[in-house]
1. Roughly speaking, what % of Cα-Cα pairs in the stretch A:41-170 are separated by over 27 Å, rounded to a whole number?
2. Quick one, what does Rg over Rh come out to for the stretch A:94-177 if you take C-alpha atoms and the Kirkwood Rh?
3. Which lysines, on any chain, are close to B:Lys85 with Cα under 22 Å apart, when same-chain ones fewer than 8 places away are left out?
4. Suppose we take every Cα in the stretch A:91-132 and form the convex hull; what volume per residue is that in Å³?
5. Probe radius 1.4 Å, ligands and nucleic acids left out: can you give me the accessible area buried at the A-B interface, summed over both chains, in Å² to the nearest hundred?
6. Enumerate by residue number the trypsin sites (Lys or Arg not before Pro) in the stretch B:53-158 meeting two conditions: DSSP loop (anything except H, G, I, E, B), and at most 10 other Cβ atoms within 10 Å of the site's Cβ.
7. At 37 °C and 0.692 mPa s, grab the translational diffusion coefficient of the stretch B:51-95 from Stokes-Einstein with a Kirkwood Rh over Cα pairs, rounded to a whole number in µm² per second.
8. With no solvent and one point per C-alpha, what does the Debye sum give as log10 I(q)/I(0) for the stretch B:72-162 at q = 0.11, 0.19, 0.21, 0.25 Å⁻¹?
Amino acid sequence: MLAVACGRVWAQPAPPAKPGPEEAAKPQPQEQLLTVTIKEVTGTAQRLVPGEKPSWVPLKAGDKLGEQTVIRTGLRSRVVLAFADSSELTIARATKMGIAEFRKEGPVTKTRLGLKYGSLRASVEKARGPNDFTVSTPVATLAVTGSGGQIGHCGDIGSNVQCSFGGFSFASGSRSLNLTGGQSTNSRLLMPILLTQLQSVPQLGDVFNGLTPSETTSLLNFGGGLGGVGFLPGAPVAIRPPLLPIGGLICPNGKDGQYDGLPLPPPE
Amino acid sequence: MRWATTVVTALLAVTLASCQAPPGAPAIANGQAALPGTDSAEYLDDLSSQPTVTEARALEGILLLLGQQQKTTFAEAVQLLIERKIVDAAWDFQADRAMTRGKAAYMIYQACNIRGGLMLTLAGPSRRYCLKELQYRGLMSPGLSYNPVTGMEYVAILARADELRQTGKVSAVMIREGGLP
């Protein structure tokens, strides 16, 4: 009984600690909200105007956007965003994304973007100081520091990322992978060399279904153990349902498993 | 010898006749279902939240892919796409039935004017081989021809098809690993 009672007491959230005199004396980093400017619009592109009755309005070049902005593009469309820290983001066709945060915290420029579907090409500028630039998809998070590349998320194949220059850190679940220029990976965090090898193997089905990356590498290097007839990397196996759950991992409002294009809000 | 030639000719005639589309108008159920003619951004956003795609919604997406945003009915959309050889006149169409992966693959194959492999070249487009071709190119994920397409999957397929039509290739971040870039 005592243990249970103690356990309940321990399980309760601790009250917020009052800042001591030393902590209060420390200078807190100043937060300054920054704006994003629409540099170029091609085709159909809209942004969500929040309110009691949210509505979508067309985007046009020169518009200023702030935090909590959701943008969607149609087919044959493209939008180029210019960030105040000289970073640039190109939103490709058939994309829905959101700007969750864009602010300066002390010397660091903090940018949090969300991607529901489609692809983005980012070029992050670090010459104007340190930055903390991340893009979240329903299954992975990409951290970009002074580099450029492309990230895409599709409902059927999950997220893919390609680093053009600089460095990326790509995290999916509890695992992460660092990429440098010219490397790419996906939300299963396949090693870049493995993806390159896969490009040379024609696939009509998912021949690597259920295998670990090391097993897949072994099959690519040594074949399927079928001797002279083993020209395919592995025996065909049962086709599985779509690889990744859609909207299951990120659900800001807990409504219908939907994901509205923004990363999770910070816990209150 | 003569009878053998006759039998072979008859068999050939029967085979060729069975490959032809049945004469007359295509079978269309619920043809008066309205296609609202929304813009592509709204269409894709709405579709991304749907668990399945109906045939009416799928045809609306193909019309948007072809750059024809218009308010129409399901029957008119079917006729238009038959004329452009995007859909097969031999299919039966039902507005509120779930679109299958095979039919979606056939329409994308035709709309993007993709050149297929040996079977597609010899026998012409079919749902089965169009799906295999698109899977080979990484444009569609693994799955069977008669499986329904989900909303998010159809959004992804349309995005790839649009890029392929505009630029002749699909960016690497949008295709499945191992697909042809």
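1. Working: 1218 of 8385 pairs.
Tail of P(r) above 27 Å: 15 percent of Cα pairs.
2. Over the Cα atoms of the stretch A:94-177, Rg/Rh equals 0.96.
3. Straight-distance partners of B:Lys85: B:Lys71, B:Lys103, B:Lys132.
4. Details: hull volume 2.4 nm³, N = 42.
It is 58 Å³ per residue.
5. Working: alone 15990 and 10320 Å², together 23010 Å².
Chains A and B together bury approximately 3300 Å².
6. Numbers: sites: B:Arg57, B:Lys71, B:Arg84, B:Lys85, B:Arg97, B:Arg101, B:Lys103, B:Arg115, B:Arg127, B:Arg128, B:Lys132, B:Arg137; in loops: B:Lys71, B:Arg84, B:Lys85, B:Arg97, B:Arg115, B:Arg137.
Here the trypsin sites (Lys or Arg not before Pro) that fit, given the DSSP loop and packing criteria, are B:Lys71, B:Arg115.
7. Working: Rh = 10.7 Å.
Here the translational diffusion coefficient equals 306 µm²/s.
8. -0.29, -0.89, -1.10, -1.48
The values are calculated or read from the model by the stated rules, or taken from the named source; none is laboratory data. Everything quoted here is computed from the prediction, not taken from an experiment. Counting neighbours? That spans all protein chains shown, and the Cβs are built from the backbone with ideal geometry, glycine included. Only protein heavy atoms, including side chains, enter the accessible area calculation; ligands, DNA and RNA are left aside. Shrake-Rupley method; radii C 1.70, N 1.55, O 1.52, S 1.80 Å.
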